[in-house]
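Structure, as structure tokens:
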Amino acid sequence: RHTVLGNPLLGPYPDGLETADFALGCFWGAERVFWRQDGVWTTLVGYQGGTTPNPTYEEACSGLTGHTEAVRVVHDPAVVPYTTLLKLFWENHDPTQGFRQGNDVGTQYRSAIFTHSPDQHTAALASRDAYQATLKAAGYGDITTEILPATHNHFYPAEPYHQQYLDKNPAGYCGIGGTGLSCPIGLTPTSD
């Protein structure tokens, strides 16, 4: 069970909930970003986007499996829509850094969104384009975030000691940090 939310980590999940997968650097801090959001039923960390079945942490960190550290977010879309989760994703890391986030360097720290439906995929692409304009205006480079279907990128849950790591270790390492720029998702342009 989730040490903060109390719900099971692995499905099946209650009807009406949706699943979203994000990679935005070290999964310890990334998971905490999402479990704090109202409407999130459970979160768990794992490895996604690689080629080796059931990778270990050490294997993922070697860079040889191709996995990134990911967070699975199970949420109630009536309380927290997918677009709100996308906003959290973009604003809590620098998506222009390629195979790194701050001091964390390696392919396992790359930015990615793994979508579970055509609607999620469309929303992810639109949010990327909107945020790219904001980043470019502030002098940042191109977004390197991968946006791929989850069906072709299996999520492998990480070892138990990684789950809700920052709840179990409140003074533990958290490398999550954004650019300080707001993502314009949900903003409607006004006309004069």
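Being touching a strand residue (DSSP E or B) at 6+ places or on another chain (Cβ under 6 Å) and closer than 22 Å to His154 by Cα: is that true of His67 here? So His67 passes the test. Against the conditions (1) surrounded by fewer than 16 Cβ atoms within 10 Å (Cβ to Cβ); (2) outside any loop (DSSP other than H, G, I, E, B); (3) among the aromatic types (Phe, Trp, Tyr); (4) in contact (Cβ under 8 Å) with a residue 12 or more places away in the chain, Tyr173 satisfies every one except (2). Within region 85-111, count every residue that is more than 21 Å from Thr65 (Cβ to Cβ), open to solvent by 50 Å² or more (accessible area, probe 1.4 Å) and not acidic (Asp, Glu). Adding up the residues that qualify gives 2. Does Phe114 satisfy being aromatic (Phe, Trp, Tyr), under 17 Å from Ala23 (Cα atoms) and open to solvent by 70 Å² or more (accessible area, probe 1.4 Å)? Considered against the rule, which asks whether it is aromatic (Phe, Trp, Tyr), under 17 Å from Ala23 (Cα atoms) and open to solvent by 70 Å² or more (accessible area, probe 1.4 Å), Phe114 comes out as no. Residue count for region 73-111 satisfying the condition of being under 23 Å from Tyr140 (Cα atoms) and not in a strand (DSSP E or B): 24. Among the residues of region 25-67, count how many are surrounded by fewer than 17 Cβ atoms within 10 Å (Cβ to Cβ), among the polar types (S, T, N, Q) and under 18 Å from Trp90 (Cβ atoms). Within region 25-67, residues that are surrounded by fewer than 17 Cβ atoms within 10 Å (Cβ to Cβ), among the polar types (S, T, N, Q) and under 18 Å from Trp90 (Cβ atoms) number 1. Scanning region 133-166 for residues that are out of contact with any strand residue (DSSP E or B) (no Cβ under 7 Å at 6 or more places or on another chain) and among the hydrophobic types (A, V, I, L, M, F, W, C) returns Ala133, Leu135, Ala137, Ala138, Ile143, Leu166.
The one condition from (1) in a loop (DSSP other than H, G, I, E, B); (2) surrounded by 22 or more Cβ atoms within 10 Å (Cβ to Cβ) that Ala70 does not meet is (1). Within region 177-192, residues that are at pLDDT 85 or above sit with their Cβ atoms under 6 Å from residues that are surrounded by fewer than 13 Cβ atoms within 10 Å (Cβ to Cβ) and part of a loop (DSSP other than H, G, I, E, B), at 6+ positions apart or across chains, in these pairs: Leu181/Ala138. Of the residues making up region 134-157, one or more are crowded, with 17+ Cβ neighbours inside 10 Å, assigned to a loop (DSSP other than H, G, I, E, B) and in contact (Cβ under 8 Å) with a residue 60 or more places away in the chain.
The values are calculated or read from the model by the stated rules, or taken from the named source; none is laboratory data. Just so you know, these numbers come straight off a predicted model, no measurement behind them. FYI the Cβ positions are ideal-geometry reconstructions off the backbone, even for glycines, and counts take in every protein chain you see. Keep in mind that these areas ignore ligands, DNA and RNA; they rest on the heavy atoms of the full protein, side chains included. Shrake-Rupley method; radii C 1.70, N 1.55, O 1.52, S 1.80 Å.
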